[in-house]
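Everything below concerns the one structure shown next.
The values are calculated or read from the model by the stated rules, or taken from the named source; none is laboratory data. This one's a predicted model, so the numbers in the text were calculated from it and none came from an experiment. Reconstructed Cβ throughout: ideal geometry from the backbone, glycine too, with neighbour counts over all protein chains shown. Note: areas computed on protein heavy atoms with side chains; ligands, DNA, RNA excluded. Shrake-Rupley method; radii C 1.70, N 1.55, O 1.52, S 1.80 Å.
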Amino acid sequence: MAATGTARGGRAVVGAYPRIVKDPAALPVAPNLADYEAARRAFDWREARALLDGLPGGQGLNIAHEAVDRHAAGPRAGRPALRWIGRGGAARVFTWRDLRAETNRFANALRGLGLGPGARVFTLAGRIPELYVAVLGALKAKCVASPLFSAFGPEPIATRLELGEAEVLVTTEALYRRKVEGLRARLPRLAHVVLVGEGGGGTAVPGTLDWGRLMAEASPDFAIPPTDPEDMALLHFTSGTTGRPKGVVHVHEAVVMHHVTGRNALDLHPEDVFWCTADPGWVTGTSYGIVAPLTNGVTNVVVEAEFDAQAWYEVLERERITVWYTAPTAIRMMMKLGAEALRGRDLSALRVLASVGEPLNPEAVLWGVEAFGKPFHDNWWQTETGGIMIANLVAMDVKPGSMGRPLPGIEAAIVERGADGAVSVVEAPMVSGELALKAGWPSMMRGYLHEEARYRKCFAGEWYLTGDLAMRDEEGYFWFVGRADDVIKSMGHLIGPFEVESALMEHPAVAEAGVIGKPDPVAGEIVKAFVALKPGHEPSEALRRELLGHARRRLGAVVAPKEIDFRAGLPRTRSGKIMRRLLRARELGLPEGDLSTLESDER
Ligand code: AMP
């Protein structure tokens with residue numbers, strides 16, 4: 001599909017912005033990866049693995065040991081591992097020693113509930129300390145941790161708990177009452193719901209357990225059992241074009257990637273104070289909001305509140321953040337306020353700015369220089385890859401608008417799919433095709449839960465096909481072109497159109513629904529739905545509002561459509577699939593492309 005016409009979200013900015021030249025010798029701290037080419041040549045995954053300890057006595061590899069226990073047993077034991085800044089000014093600091101005791105308690109609590117290796121422990125909470133303790137404690141007990149995003153509505157939550165075969169859910173009383181209680185009958189496997197009370201207080205909701213009590217009764221001593229690096233550790237959900245969300249399976253060995261990319265891509269050094277703004281409900285918030293900073297022994301700052309530019313600047317200044325990992329939507333919102341909003345702030349501690357999750361406009365890279373004195377370093381990866389694959393490194397020239405170059409140990413290429421399904425590498429520079437990665441790095445997903453066929457479809461021989469379209473320039477920098485599928489990226493969140501369409505179709509007035517991503521200057525894309533009504537229902541403003549409200553209640557604000565248009569019917573292929581591509585082309589006034597498979601088309 002080289003030079004395909006289906007790309008979207010693309011940017012024609014190659015070479016339009018001056019390169020930001022870096023001099024590794026002039027950086028304030030010697031970079032971990034000073035010479036990209038040499039590091040690529042010398043890279044060896046065994047050496048990356050040797051940066052970690054492994055469980056004592058050669059008993060395998062466990063993420064929580066590398067993140068918590070090995071530092072708790074060493075010179076960093078009394079240093080701040082997690083600095084939590086709560087809403088309304090509350091603050092808590094956990095040293096590695098504290099974190100070891102808390103995670104041990106939760107591991108023991110799980111054991112006390114009879115949960116063994118492989119049991120699925122879900123969390124549904126804002127960024128509260130208990131979430132971090134629950135994830136790491138579950139990993140210690142060899143359970144599988146699966147953090148869900150607390151802004152999801154009841155439907156996406158129930159779907160994921162069902163698909164992921166949740167046995168334990170750690171959540172708050174408020175979220176439980178609003179989003180889970182009513183759906184519990186659908187979840188017979190969910191044996192235990194553990195509630196964190198407001199402000200740490202106790203709860204007494206029927207059919208649930210109280211976090212505080214459970215923890216108080218559990219011992220702070222726990223020895224992690226032998227862990228095979230291939231044991232399942234983390235389950236993240238991601239969205240596809242069709243069908244239900246996919247449960248992406250990651251194993252304990254992924255920690256090798258989390259650790260080494262923390263060093264190489266984010267340039268973490270032991271003295272750093274690191275802030276990843278992502279929520280652990282998305283993969284970035286786990287791989288880099290929990291694991292990578294802790295394994296690298298840096299202080300991990302966690303901010304509970306949602307985005308607010310001045311509050312964020314306050315965190316950067318007061319906490320003396322040195323490495324900051326954030327996302328394009330937030331950067332664009334800050335840009336709207338202008339660099340003046342930063343005047344008077346002492347951000348001299350800030351050393352590295354990085355961004356991930358969606359295309360980062362070259363203007364945003366340069367705005368970093370204007371506002372913070374350094375560029376945002378864009379990097380690329382996805383839930384399936386478990387860790388950063390392509391990045392602008394601190395010691396490497398930045399080409400604004402480019403995602404950077406593949407990290408040492410990662411081989412990336414632009415490939416073209418032939419009619420027989422086989423792929424060939426496109427050698428010529430600046431030709432658009434599918435971004436592919438040679439499989440074999442430690443944090444590569446090990447499967448989609450119970451969906452072997454969907455998993456196998458991601459591979460062609462040794463190549464893992466990412467579903468993204470990109471170009472590679474003559475220096476090996478990659479440039480994002482767009483998605484190859486109908487998946488929507490809104491404010492960094494990947495949204496499957498099918499999940500949104502299904503929720504709309506549950507409304508008694510809706511006959512069919514088609515959902516697309518509509519470009520938006522701040523959010524990247526917004527979710528837009530086209531709806532055809534059942535006989536007896538007429539389009540009206542009141543019905544539009546009712547459908548928007550219905551979708552919001554079912555799906556939550558992040559996933560629900562922001563716009564709904566009525567249509568007499570939706571374009572479908574001969575096989576009955578809604579042609580979202582055509583809905584989108586019409587919405588945006590783009591060429592309609594190949595219509596040979598179009599069956600019905602009432603506008
Ligand atoms: P997720 O699995 O939710 O992390 O989403 C992964 C997808 O986000 C990728 O396949 C891309 O489509 C998009 N994405 C992530 N990082 C970038 C980036 N730096 N530039 C452009 N798109 C990105």
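What to note about this one:
- Just one residue in the set Ala436, Ala349, Ala330, Ala412 is surrounded by fewer than 18 Cβ atoms within 10 Å (Cβ to Cβ) and either closer than 27 Å to Arg49 by Cα or hydrophobic (A, V, I, L, M, F, W, C) (or both); that residue is Ala349.
- Residues that are surrounded by fewer than 20 Cβ atoms within 10 Å (Cβ to Cβ) and either of a type in the set (Gly, Ala, Ser) or within 14 Å of the ligand (Cβ to nearest atom) (or both), drawn from segment 503-514: Ala509, Ala511
Yes/no per residue for (1) within 16 Å of the ligand (Cβ to nearest atom); (2) touching a residue at least 60 places away in the same chain (Cβ under 8 Å):
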position	(1), (2)
Ala470	yes, yes
Asp473	yes, yes
Val487	yes, yes
Gly496	yes, yes
Glu501	no, yes
Asp520	yes, no
Glu525	yes, yes
Ala542	no, no
Leu548	no, no
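- Taking the listed residues Ala311, Ala305, Ala278, the one that is modelled with pLDDT of 95 or more, within 16 Å of the ligand (Cβ to nearest atom) and open to solvent by 10 Å² or more (accessible area, probe 1.4 Å) is Ala278, with no other qualifying.
- Verdict on Arg92 being basic (Lys, Arg) and in a helix (DSSP H, G or I): no
- Counted residues, segment 227-247 - those being away from the ligand (no atom under 13 Å from the Cβ), open to solvent by 10 Å² or more (accessible area, probe 1.4 Å) and assigned to a strand (DSSP E or B): 1
- Within segment 11-50, the set of residues being modelled with pLDDT under 95, surrounded by 13 or more Cβ atoms within 10 Å (Cβ to Cβ) and part of a helix (DSSP H, G or I) comprises just one member, Pro24.
- Contact map, segment 435-446: residues that are in a strand (DSSP E or B) paired with residues that are aromatic (Phe, Trp, Tyr) and open to solvent by less than 50 Å² (accessible area, probe 1.4 Å), Cβ distance under 6 Å, separation 6+ or inter-chain. Pairs shown: Ala436/Trp463; Leu437/Tyr464.
- Cross-chain or 6+ apart pairs with Cβ under 7 Å, segment 161-188 first and within 25 Å of Glu451 (Cβ to Cβ), then buried (at least 16 other Cβ atoms within 10 Å of the Cβ) and charged (D, E, K, R): Leu163/Arg244; Gly164/Arg120; Glu165/Arg120; Ala166/Arg120; Glu167/Arg120; Arg186/Glu162; Leu187/Glu162
- One residue stands out in segment 545-565 among those that are surrounded by fewer than 16 Cβ atoms within 10 Å (Cβ to Cβ) and in contact with a helix residue (DSSP H, G or I) (Cβ under 9 Å, 6 or more places away or on another chain): the one that is nearest to Glu506 (Cα to Cα), namely Arg553.
- The single condition among (1) on the phi > 0 side of the Ramachandran plot; (2) part of a loop (DSSP other than H, G, I, E, B); (3) within 27 Å of the chain's Cα centre (by Cα); (4) without any contact (Cβ under 8 Å) to a residue 40 or more places away in the chain that Asp53 does not meet is (1).
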